[in-house]
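Asks: Let me begin by handing over the structure; questions about it come next.
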Amino acid sequence: MQEIPKQFNFQTDEEKIYALWEKSGFFNPDKIRAKQKYCNVLPPPNANGELHLGHASGYTVMDIFGRYERMKGKKVLLLPGKDHAGIPTQVVYEHKIKKERGLTRQDLGREAFFKEVYAFCIDRADYMRAQEKKIGISADWSREKFTLDGDVSKIAMETFVRMYQDGMVYKGKRIINWCPRCGTALSDLEVLHAERDAKFYYIKYPVKNSDEFITVATTRPETMLGDTAVAVNPEDKRYFKYIGRHVILPLKNKELPIIFDKRIDKDFGTGAVKITPAHDPLDWQIGQDHDLESIQVIDEQAEITLAGGKYRGQGVLQARENILNDLKKLGLLEKEEAIKSNISICERCKTTIEPLISEQWFISVDAEKYSLKKEALEAIKSGKINFYPENFQKVMTQWLSGLHDWCISRQTWWGHRFPVWYRGKEIYVGLDAPKGEGWTQDENVFDTWFSSGQWAYSTLGFPKGKDYQNFYPTDMMIMGWDILFFWSARMIMLSLYRTGKIPFKNLYFTGLIRDKEGKKMSKSKGNGIDPLEMIKKYGADAVRLSLVMDVSPGQDSRLYEEKIEGFRNFVTKLWNIYRYALQSSSKFKLVEKISKKDLKSLADKWIVSELEETKAAVSGFMDNREISLSQTRLRRFTWDQLAAWYIETNKIEKNEKVLGHVLHELLKLWHPFMPFVTEKIWGIFEKDKKVLMMAQWPKVEKKMIDAKAAGSFAVLQELIIKIRNIRASYHIDSARKIEAYTKDIAEQGVIEKLSRIKIVIGRSKEKMLRISSKGVKLSLDIAKTIDVKKEREALGKEIKNLENLIAKTEALSQNENFLSKANVDIINATNARLDEYKQKLEIQKELEENLKSLA
RNA sequence: GGUCGCUUAGCUCAGUUGGUUAGAGUAUCACAUUGACAUUGUGGGGGUCAGUGGUUCGAGUCCACUAGCGACCACCA
């Protein structure tokens, strides 16, 4: 007998198993001989931190599909990478040098800063890679990419150059979102909105040549320094009399035109709005349309500019206070009102965004020569990309439809610097610096999503690389829904433009992992769960299961330690099934193939039949990307059928070959979900074979499906459960063997053992409790122990239930509409069901008679 | 304002193209047990599938509306 520990020792074994897989070489698709291919370019995590649950959950899904496809005999490439993650990484590193050395990036200078951050990222990447391996992802590390790698960068740059040549990028002065803390422009997507308590200030603007006033309401009085008009709705009768007239801007004594624009809501505030084109997106638009001057009064540090006169140099909040005081002195502040207001904040640092006019680079999403927007919409509409869940297709379509030009220049240092050079009024856009003297390179770097948006093909060596030829378009892309717009939409647009093809055939969204209360996990709240700590405590397999089981795509899920613990117990259960097998016989081994001849007992036929049904169901679910359903089905087979019933019968009527076969197939079926424990067990049994990871996914043997055996076994189970039930409700000592009489019975041994009774063949004595399932009857010698009244009540309830069912089913089976419209299979099944109910009813009535006789 | 979700057992969630008497995990209660099982086994209780209406022979599943919750997008001067 082999000695094997009571549970899987994941703490020491996981690392060895991962090393074994790496050594086997099969993470690398070049080592796999197969015609069919499967590729998933993995989303690169930001190379500035730690592996968190979001990564863990995504990787688990990616790995499950990857391992499944590999076992199905495909050349599988899971291509890992890291993202330089422009702004977030810069923010992290700036904090670091401030804290550790008291330095700013300016102290270091651009070049030195970049070098340091680069080294930092490489170091973090090593650290994170080790973490990624812990979750078990079967990625080809030899192909790992970084967004700043030369080849990857070059492709991204080329795309920019081409787009420039195709008239799809332009540089222009526009109102943009400015983060004063990060010191850069941001795209609309990088701006969040938050509701804050604010004040609405009503300010009186004197009307020129009169003693009247027009009152405007604003939450940002400091911007009035840059006002260039007051606008009202053209249908607002209150202001008709001011057509063609002017107001005087207080504090600056400047004449402002009164303009009419239908974008002004006459029911909001006073219906009159101060227009500051330089510091408000809507005002900017109105300013453009009415040819208004833009006066920048707030600078990039969120301080008042020279144009702000005496308020120059003050921070916006300080200026606001001073301006309000001055207005009060002049009697021009009519009133203040507390309101809730939506403000824009920086996604990364939560600083209030200052909208201001700035010269930036933009991608035109709807250019004349090539419309990124239209092409993407069309590709999605054509259904070339399968969305999981499907409704995210709508979300994507809607977002694309309303897409504006995308600001891609960032005034940070960490990232791809624009391949643009200037000399006087000359501009040069190209991959390499232009020849000649006096050129200076554009200071900006690309929005990080511009390079990651090209990840699907830039990592594969577009356009000539072997991987690109082999694996593009990729098969699968998996990400959290929170980066749907940031990433997947941009990947679709940029890939279509650059390669003419969709980047991936399937787009699968995972939900967010929340805490037990459904709250978002975050460092500041301290409610986060560290996946690595959990792996250490419960094992990677348990963590994997807890992240994907009973979870559906795109739907958020909650995670808490008890849940992981439950899955750890399941891993232990699986382990012990194999431990039992090993201990049951010194010769036990896994069996690859069996034939019908090997099936001896009813239980053998039943379990093999169930195995085949399970294989078919699991494969079907997996092909539909239904991870959770696959697992649920497998779990039921493993625990409720195999462990609870078959192994119990196997203790009575051993059939090592059948058990060995079932366990052989079971390991394969579980492997994509629980790679470590299954590989470990496989290694114990199949020392000389290649790794389980490369074993062939089970094929369904239809001829082994045996409905008759399944039916007979169900009868057996019913009888046994009935006896157990009686024992439980009357607390009959488990040691007491109830005597049972019957004329003739199959599977006597199994019934006796599993329900702890002693069967005597022969006529039953008087006053015995009868039980029955289908045609099988047993008389139990416990008439004295039971409460006849209680049993009759229970039986009565059951009889009534059956009668109701029969009435309902009978009505259905005779309904003409049903007969003419329903599918034949359904009709047959309904009739069969009806017969079954009737049979059952008959049995119950017999039992009722029996009970009456006992009273 | 627009869009998209969610609402199923005490809790956390599944529910595959509409078709058995709606499931699992967990919790709880009773009994048993250290026998492959960091426990496990057996059994019980627990749901008018948010509500209303519709389509259908048949609705947890499809449609409409309502309510509550959530998210996203836009805008809020």
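The values are calculated or read from the model by the stated rules, or taken from the named source; none is laboratory data. All figures in this text were calculated on a predicted structure; none of them were measured in a lab. Every residue, glycine as well, gets a Cβ built from its backbone with ideal geometry; the counts of neighbours run over all protein chains shown. Side chains are part of the model used for accessible areas, which takes the heavy atoms of the whole protein and leaves out ligands, DNA and RNA. Shrake-Rupley method; radii C 1.70, N 1.55, O 1.52, S 1.80 Å.
Asks: Need at least 1 residues that are out of contact with any Phe, Trp or Tyr (no Cβ under 9 Å at 6 or more places or on another chain) and within 13 Å of RNA strand B (Cβ to nearest atom) per element, so show me which strands (runs of 3 or more DSSP E) inside segment A:303-406 make the cut, counting only ones lying wholly within it.
Replies: Qualifying strands (runs of 3 or more DSSP E): A:333-346.
Residue-wise test of (1) closer than 18 Å to A:Met491 by Cβ; (2) surrounded by 21 or more Cβ atoms within 10 Å (Cβ to Cβ); (3) among the basic types (Lys, Arg).
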| site | (1), (2), (3) |
| --- | --- |
| A:Tyr59 | no, yes, no |
| A:Met62 | yes, yes, no |
| A:Gly66 | no, yes, no |
| A:Arg70 | no, yes, yes |
| A:Gly73 | no, no, no |
| A:Leu78 | yes, yes, no |
| A:Lys82 | yes, yes, yes |
| A:Val92 | no, no, no |
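Each row is one residue, and each column tells you yes or no for (1) over 25 Å from A:His290 (Cα atoms); (2) part of a loop (DSSP other than H, G, I, E, B); (3) modelled with pLDDT of 90 or more.
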{"position": "A:Glu195", "(1), (2), (3)": "yes, no, no"}
{"position": "A:Tyr202", "(1), (2), (3)": "no, no, yes"}
{"position": "A:Tyr205", "(1), (2), (3)": "no, no, yes"}
{"position": "A:Asn209", "(1), (2), (3)": "no, yes, no"}
{"position": "A:Ala217", "(1), (2), (3)": "no, no, no"}
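Asks: Which one is most open to solvent (accessible area, probe 1.4 Å) among residues in segment A:724-760 that are among the polar types (S, T, N, Q) and under 23 Å from A:Glu791 (Cβ atoms)?
Replies: The extreme case among them is A:Asn725.
Asks: How many residues, within segment A:638-653, are near RNA strand B (Cβ under 10 Å from one of its atoms), surrounded by fewer than 17 Cβ atoms within 10 Å (Cβ to Cβ) and not small (Gly, Ala, Ser)?
Replies: Final tally of qualifying residues: 4.
Asks: While we're here: Are any residues in segment A:313-348 in contact with a Lys or Arg (Cβ under 7 Å, 6 or more places away or on another chain) and among the hydroxyl-bearing types (Ser, Thr, Tyr), and if so, which ones?
Replies: Of everything in segment A:313-348, just one residue is in contact with a Lys or Arg (Cβ under 7 Å, 6 or more places away or on another chain) and among the hydroxyl-bearing types (Ser, Thr, Tyr), namely A:Ser341.
Asks: Is it true that A:Arg763 is surrounded by fewer than 18 Cβ atoms within 10 Å (Cβ to Cβ) and assigned to a loop (DSSP other than H, G, I, E, B)? It would help to see each step written out before you state the result.
Replies: Numbers: surrounded by fewer than 18 Cβ atoms within 10 Å (Cβ to Cβ): yes; assigned to a loop (DSSP other than H, G, I, E, B): yes.
Spelling it out, A:Arg763 is indeed surrounded by fewer than 18 Cβ atoms within 10 Å (Cβ to Cβ) and assigned to a loop (DSSP other than H, G, I, E, B).
Asks: Just checking, which of A:Glu791, A:Glu803 is touching a helix residue (DSSP H, G or I) at 6+ places or on another chain (Cβ under 8 Å), charged (D, E, K, R), at negative phi and surrounded by 14 or more Cβ atoms within 10 Å (Cβ to Cβ)? Step through it out loud before you land on a result.
Replies: Working: A:Glu803 fails: surrounded by 14 or more Cβ atoms within 10 Å (Cβ to Cβ).
The conditions single out A:Glu791.
Asks: Another question, then. Taking the conditions exactly as written (more than 16 Å from RNA strand B (Cβ to nearest atom), within 20 Å of A:Ser187 (Cβ to Cβ), outside any helix (DSSP H, G or I) and touching a Phe, Trp or Tyr at 6+ places or on another chain (Cβ under 9 Å)), does A:Gly461 satisfy them or not?
Replies: So A:Gly461 does not fit the description; no.
Asks: Tell me, yes or no, whether segment A:192-203 has at least one residue that is of a type outside the set (Lys, Arg), surrounded by 15 or more Cβ atoms within 10 Å (Cβ to Cβ), out of contact with any Gly (no Cβ under 8 Å at 6 or more places or on another chain) and under 17 Å from A:Asp447 (Cβ atoms).
Replies: No, that holds for no residue.
Asks: Among the listed residues A:Arg635, A:Arg568, A:Arg625, which satisfies the condition of being in contact with a helix residue (DSSP H, G or I) (Cβ under 8 Å, 6 or more places away or on another chain), in a loop (DSSP other than H, G, I, E, B) and crowded, with 17+ Cβ neighbours inside 10 Å?
Replies: A:Arg625
Asks: Could you check how many residues of segment A:262-275 are of a type outside the set (Lys, Arg), near RNA strand B (Cβ under 7 Å from one of its atoms) and modelled with pLDDT of 90 or more?
Replies: So the answer is 1.
Asks: Please verify whether segment A:274-297 includes one or more residues that are within 22 Å of A:Ile339 (Cβ to Cβ), touching a residue at least 60 places away in the same chain (Cβ under 8 Å) and not in a loop (DSSP other than H, G, I, E, B).
Replies: yes
Asks: With respect to the numbered conditions (1) open to solvent by less than 10 Å² (accessible area, probe 1.4 Å); (2) closer than 25 Å to A:Asn624 by Cα, which one is the sole condition not fulfilled by A:Gly539?
Replies: (2)
Asks: Further question: Identify, from the list A:Val691, A:Val700, A:Val662, A:Val658, the residue that is open to solvent by 10 Å² or more (accessible area, probe 1.4 Å), closer than 18 Å to A:Ile594 by Cβ and modelled with pLDDT of 90 or more.
Replies: One residue alone meets the criteria, A:Val700.
Conditions (1) farther than 16 Å from A:Arg162 by Cα; (2) loosely packed, with under 14 Cβ neighbours inside 10 Å; (3) more than 42 Å from the chain's Cα centre (by Cα), marked per residue:
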position	(1), (2), (3)
A:Leu403	yes, no, no
A:Ser409	yes, no, no
A:Tyr428	no, no, yes
A:Asp432	no, yes, no
A:Glu437	yes, yes, yes
A:Thr440	yes, yes, yes
A:Asn444	yes, no, no
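Asks: How many residues, within segment A:543-565, are without any contact (Cβ under 8 Å) to a residue 60 or more places away in the chain and open to solvent by less than 10 Å² (accessible area, probe 1.4 Å)? Reasoning before the result, please.
Replies: Taking segment A:543-565 first, the residues without any contact (Cβ under 8 Å) to a residue 60 or more places away in the chain are A:546, A:556-558, A:560-565.
The next check asks that each one be open to solvent by less than 10 Å² (accessible area, probe 1.4 Å); those that pass are A:546, A:564.
So the answer is 2.
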